[in-house]
Amino acid sequence: MLDQTFSAKNFHTISEIEKRRGRVPDLKFFPEVTKKTEILKERIEDCKDFRRNQIGKYSDGDQAIFNHLRDMREAARDKRDEQLLKCLEVVAKNVSKKSYSIDFEKLAGPGGKPVYQIKKDVPEHHYAEKQISRNLSKLYKVKQSNRNQIVSQLSNILMDEFPYHFIRTDISSFYESINHAALVQKLRDDQLLSQTALRLTRNMLEKFSRLTGTPGMGLPRGIGLSAYLAELYMRDFDEAVRGIEDVVYSARYVDDIVIIFAPTPMSKPKEYMPQIESEMSKKGLVRNTIKTEESKFEADGTSRGRSGLKFEYLGYEFNFEPKPIIRLSASKNAKYEARLNASFSRYYADKTTNSRKAYRLLLKRIRFLTGNTQLTHNKQNAFVGIYFGNPHLTDTQQLKNLDHKLTNLISKVPSASLKAKLGTLSFVDGYEQRIFRRFHRKGDFGKITEAWKYE
């Protein structure tokens, strides 16, 4: 049985998971742990230095010295862990109080939409929210759909010559439309989530309602727990859509939905959309008519029956000309163009005060945009970049256009050395050759991406 308690032991498990993902909240929350961690780092370096300086087989004396250094390292590790557990015991005690509730704040987000974040520097909020998310993940096996898997499956289906009826739509104000009463009732009926976790979840929902003035509605965007709750809320909707007659494939990525039907001579395609809307209505959701596309894929033994059809989904444009082609979506292509412009604009703005720093940052930003890298210590050590972010492209003309834009921007750079270095970079090369670049300096990613934050 899953241990759902908000205990120091469980919080320590969360801490270890966070460390493996490159996030170390303990050092931010607990100065005492930071001091013990610094001592541990010194003992680790002592062991490494000894290994580096001792070549070949250790003598008995050398081995004794190394054993002593190793024992000191492990003693320092134990002291760090003991201190962390002491701190987490205080956190657990505070979370267990009936008066405790998770607090968060509203921030400006991308596109003018508000986002929310757990209040910083308060370990109780951090660990409590992570514990509820972990409980939901383990109990319900909820997780967000895999974007690349959906695109791969979708492209494989649409590349054949079968007649399909295709619908792509999304949900208007998805997070803001989730009904609290229905969500809480499901959690109660299932009787899986602990009473403490359920109470804290209800408190969070009520606080969101007060902040937004929308009683009984909505989840705070930007908070990890909201993603788990949204997926749980939509589980029966997904099952209902898959059960609609003639559906051969359906996928949902957050609020973005694609459904493929295989009509028979007795089918009634005009009833497909009303059935989808009916299932949305049962959840208190509304279809976004502006972002809805509906197409009929004919089968005539060739691809001519699909000529001229196109739609966008999850950052790609599927286009039948009549040969099926997969390109970047218009918005994703525009994002790359905007990031190029922003990178050079920041260079010109910053070089008046610190030309050397502006030089280095522009080079890093363009190397990042045109290449690929690995987010070490991140979730699953994910690969990102021009190829890994868009692996399903079958046409690279947009990348050639981006290279042309980059060339024009480079031509205006006053520094000859910077111009020469930038001139070696290419979107097409980064994609086709899967060029890999490393960014290891602390804070690199933050500095690189700050130029286009909330573009």
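Given the -39500 (n - 2.57) contribution per DSSP H run of 4+ residues, what per-residue ellipticity at 222 nm results for the chain, rounded to the nearest 500 deg cm²/dmol?
Mean residue ellipticity, 222 nm, calculated: -16500 deg cm²/dmol.
If you take the square roots of the eigenvalues of the alpha-carbon gyration tensor of region 147-328 and sort them as a ≥ b ≥ c, do you get rounded (a/c under 1.5), prolate (a/b over b/c) or oblate?
prolate
Pop the C-beta distance of Glu239 and Asp81 into the FRET formula with R0 = 41 Å and round what comes out to the nearest 0.05.
Efficiency, rounded to the nearest 0.05: 0.40.
Taking square-rooted eigenvalues a ≥ b ≥ c of the alpha carbon gyration tensor, is the chain rounded, prolate or oblate, where a/c under 1.5 means rounded and, failing that, a/b exceeding b/c means prolate?
The shape class here is oblate.
Over the chain, average the accessible area per residue using a 1.4 Å probe and give it in Å², no decimals.
53 Å²
Which entries in the list Lys310/Lys335; Lys130/Lys310; Lys106/Lys453; Lys41/Lys120; Lys48/Lys79 go over 29 Å, if you measure between the two C-alpha atoms of each?
Lys130/Lys310
Long-range amide H contacts for Asp103: which residues qualify at under 5 Å (H placed 1.01 Å from N, peptide plane, sequence gap of 5 or more or a different chain)?
Lys119
Starting at the first residue of region 166-172, write each ³J(HN,Hα) from the Karplus equation 6.51 cos²θ - 1.76 cosθ + 1.60 with θ = phi - 60°, in whole Hz, x for Gly and Pro.
Couplings: 10, 10, 10, 8, 9, 9, 5 Hz.
Tell me which DSSP H helices of the chain clear both cut-offs, 24 Å or more of axial length from alpha-carbon atoms and a mean Kyte-Doolittle hydropathy of at least -1.0.
Membrane-span-like by this criterion, though nothing is claimed about a membrane: 60-95, 195-212.
Within region 145-231, which GluC sites (Glu not before Pro) sit in a loop by DSSP and count at most 15 neighbouring Cβ atoms inside 10 Å?
Qualifying residues, ordered by number: Glu161.
Tell me, what is the percent relative contact order of region 99-142, built from C-alpha pairs under 8 Å that lie six or more residues apart?
Relative CO of region 99-142 lands at 29 percent.
By the gyration tensor of its Cα atoms, with a ≥ b ≥ c the square roots of the eigenvalues, what is the shape of region 306-411: rounded for a/c under 1.5, prolate for a/b over b/c, or oblate?
Oblate.
Multiply the residue gap between Thr292 and Arg52 by 0.36 nm, knock off their C-alpha separation, and tell me the result in nm, one decimal place.
Answer, rounded to one decimal: 80.2 nm.
Find the relative contact order for the chain and round it to a whole percent, using C-alpha pairs within less than 8 Å whose residues are 6+ positions apart.
Reported as a whole number, the value is 15 percent.
Quick one: pull the percent of accessible area on the chain belonging to carbon and sulfur, 1.4 Å probe, ligands and nucleic acids left out.
Exposed carbon and sulfur together represent 50 percent of the surface.
The values are calculated or read from the model by the stated rules, or taken from the named source; none is laboratory data. Note that the coordinates shown come from a computational prediction; the quantities given were computed from them, not determined experimentally. Virtual Cβ from ideal backbone geometry, glycine too; neighbours counted across all protein chains shown. These area figures cover heavy atoms from the full protein model, side chains too; ligands, DNA and RNA do not enter into them. Shrake-Rupley method; radii C 1.70, N 1.55, O 1.52, S 1.80 Å.
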